[in-house]
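Values in this text are rule-based calculations from the coordinates and carry no lab data. Note that the coordinates shown come from a computational prediction; the quantities given were computed from them, not determined experimentally. So basically every Cβ, Gly included, is an ideal-geometry build from the backbone, and we count neighbours across all protein chains shown.
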Amino acid sequence: MKRVAITGAGTINALGHSVPETLSAMAEGRCGIGPLKFRDVERLQVQIGAQVQGYVEEDHWSRQQIALYDRFTQFALIAAAQAVDQSGLSIDGELADRAGVILGTSGGGLSTQDENFRVVYEEGKNRVHPFVVPRLMANAATSHVSMIHGLRGPSYAVSTACASSNHAMGQAFQMVRSGAAPVMLTGGSEAMLCFGGVKAWEGLRVMSRDACRPFCATRNGMVQGEGAAVYVFEDWDHAMARRAEILAEVAGFAMTSDASDIVMPSQDGASRAMAGALADAGLAHEEVGYINAHGTGTAANDRTECAAIAQVFGDHAARLMASSTKAMHGHCIGGTGAIELLACILALRDDVVAPTIGHQKADPECPLDVVPNEARDARVDVALSNAFAFGGLNAVLALRRV
Amino acid sequence: MSQSVKDRIIRIMAEQAVLEPGDVTPEHSLEDLGIDSIGLVEAIFSIEEEFDVEVPFNANTPQDSSFDISSVAAIIGAVEGLIAARAA
């Protein structure tokens with residue numbers, strides 16, 4: 001079994017258009033949530049979200065590229081380019097034949113669907129652009145990343161709602177660890193902040209109309225975000241041999257299914273995933289200093305997640321830090337686990353634990369150190385990143401300090 | 001009218017080929033312009049939008065199509081035929 005190094009990271013999300021911008025926003029506890037701006041937003045009851053700001057697609061892409069790239073693909077390509085650039089890898093020859101890309105997404109090209117449903121249903125047109133299918137398919141981002149970077153090995157998309165990115169990164173981790181691939185690009189992307197995307201979530205009655213306040217007694221729901229993060233996962237020895245900078249080690253991964261309810265989370269499924277990731281990494285639970293919680297800000301998730309953490313960590317639950325960065329970058333659905341892994345890197349590499357902002361009042365049902373409102377300087381040796389999806393599909397990654 | 005159809009089609013083909021309209025002539029084939037099969041499908045979509053016509057074309061069997069795509073001039077002629085058929 002090989003060790004797995006993270007040698008590159010890239011992102012675009014509501015907190016910034018790069019990893020340094022995003023990490024400094026997390027360290028400052030900045031909130032990326034604001035009024036949504038898109039067509040027909042006035043018909044929504046929920047009018048806030050964490051949109052990527054200052055993004056003009058024409059600044060990044062040609063007309064031909066825009067014809068083919070849905071917003072979720074554009075975000076994935078931007079993040080992947082940053083990650084490959086940071087890694088310093090030249091992907092060619094035999095490496096190109098074996099390296100691949102696995103990305104998570106929940107909605108895929110949802111805004112492409114939204115726009116074209118409007119065209120045929122609302123506007124009554126009988127013709128859509130020929131690239132609607134290649135834009136909307138869930139693997140579009142994966143395929144374009146593979147084409148741009150010449151990744152010719154195992155490549156596919158993973159869709160497990162809010163756990164998509166964690167499942168994707170877990171699969172990439174297993175491929176590098178097993179030796180099936182020396183290098184994998186992995187992470188996730190989501191761009192469903194359009195009228196249809198938010199309207200569908202609104203229907204569930206789990207959305208907040210004012211703010212996302214995970215673990216807070218006054219919390220009243222989740223807030224959607226958008227964006228992507230992509231990493232280079234690399235065989236540790238391969239990375240060392242070329243003297244690459246290693247951001248963190250991916251040490252373990254586990255996935256479980258609640259097999260119980262399509263929307264309500266289960267404590268058992270969550271705790272088995274966390275305990276499984278630690279066992280997979282060969283780590284004791286006392287070694288965990290930080291958990292990037294799923295922490296959606298809904299009544300159901302936060303209560304269940306806290307109970308699961310208490311079950312896995314026992315007395316140590318009171319000593320570790322567990323924050324939800326969704327109060328800053330929103331819930332980026334299929335991309336959220338990838339964006340949240342940045343908070344783990346911030347803790348493991350930069351000794352800064354990202355806060356849970358918007359915290360007003362402790363909830364007795366969430367008796368954790370949620371790092372309220374302000375980031376904290378602390379040395380963290382092991383971090384977990386939780387993702388618990390609708391459908392009861394759970395995926396947890398364990399990361400270790402280099 | 002005929003001149004206008006020609007200019008509009010040359011503009012569509014030039015956009016697809018990422019060329020200036022002045023660099024596209026009726027004698028050019030799609031291959032000359034570097035327009036591949038998916039580029040052709042996109043160009044046909046643009047033609048349908050521009051002229052409000054239905055172009056009979058299946059990318060699986062382009063050779064069986066009644067819509068002649070052997071050159072820019074052939075496409076212009078075919079579109080003029082579609083416009084005339086619609087007017088009739």
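Over all pairs of different C-alpha atoms in region A:61-138, the reciprocal of the mean inverse distance, the Kirkwood hydrodynamic radius, equals 14.6 Å. Among B:Val5, A:Val52, A:Val183, a tally of other beta-carbon atoms within 10 Å of each Cβ gives an order, fewest to most, of B:Val5, A:Val52, A:Val183. Annotation for region A:10-75: trypsin sites (Lys or Arg not before Pro) lying in DSSP loop with at most 12 further Cβ atoms inside 10 Å of their Cβ are A:Lys37, A:Arg39. Taking other C-beta atoms within 10 angstrom as a stand-in for reagent exposure, A:Ser324, B:Ser37, B:Ser65 fall in the order B:Ser37, B:Ser65, A:Ser324, fewest first.
With a cut-off of 13 Å between beta carbons, the residues surrounding A:Ser271 carry a summed charge of -2, where Lys and Arg count +1 and Asp and Glu -1.
Two-decimal Rg/Rh of the protein assembly as shown from alpha-carbon positions, Kirkwood Rh?
Using only Cα positions, Rg/Rh for the protein assembly as shown is 1.05.
Starting with the fewest neighbours, write out A:Cys216, A:Cys332, A:Cys162 ranked by other beta-carbon atoms found within 10 Å of each beta-carbon.
Going from sparsest to densest Cβ surroundings: A:Cys216, A:Cys162, A:Cys332.
Counting Cβ atoms of other protein chains within 10 Å of each Cβ in A:340-350 and taking the mean gives 0. The ellipsoid equivalent to the alpha-carbon distribution of region A:1-94 has semi-axes of 29, 20, 11 angstrom, derived from the gyration tensor eigenvalues as √(5λ) and listed largest first. Computed from phi, the 3J(HN,Hα) profile of region A:381-396 under the Karplus parametrisation 6.51, -1.76, 1.60 (θ = phi - 60°) reads 9, 9, 10, 10, 10, 9, 8, 10, 9, 3, x, x, 9, 10, 9, 10 Hz, with x in place of Gly and Pro. Considering region A:250-400 at the alpha-carbon level, its Rg and Dmax are found to be 13.7, 39 Å. Using a Gaussian network model on chain A with a 10 Å cutoff between Cα atoms, which of A:Gln82, A:Gln360, A:Gln113 fluctuates the most? Comparing A:Gln82, A:Gln360, A:Gln113 in a Gaussian network model of chain A, the most mobile one is A:Gln360. Based on DSSP, what percent of beta bridges with both residues in the protein assembly as shown are antiparallel, to the nearest 5? In the protein assembly as shown, DSSP labels about 65 percent of beta bridges as antiparallel.
Near A:Arg379: Cβ cut-off under 10 Å, other residues only, Lys/Arg at +1 and Asp/Glu at -1. The net charge is -2. The reciprocal of the average 1/r between distinct C-alpha atoms defines the Kirkwood hydrodynamic radius, which for region A:4-241 equals 18.6 Å. For chain B, the Kirkwood estimate of the hydrodynamic radius, built from every pair of different alpha carbons, is 12.9 Å. Taking packing as the residue-averaged number of other Cβ atoms within 10 angstrom, the listed peptides A:230-240, A:303-313 run from highest to lowest as A:230-240, A:303-313. Take each residue in B:44-52, count the other chain C-beta atoms within 10 Å of its C-beta, and the mean is 2.
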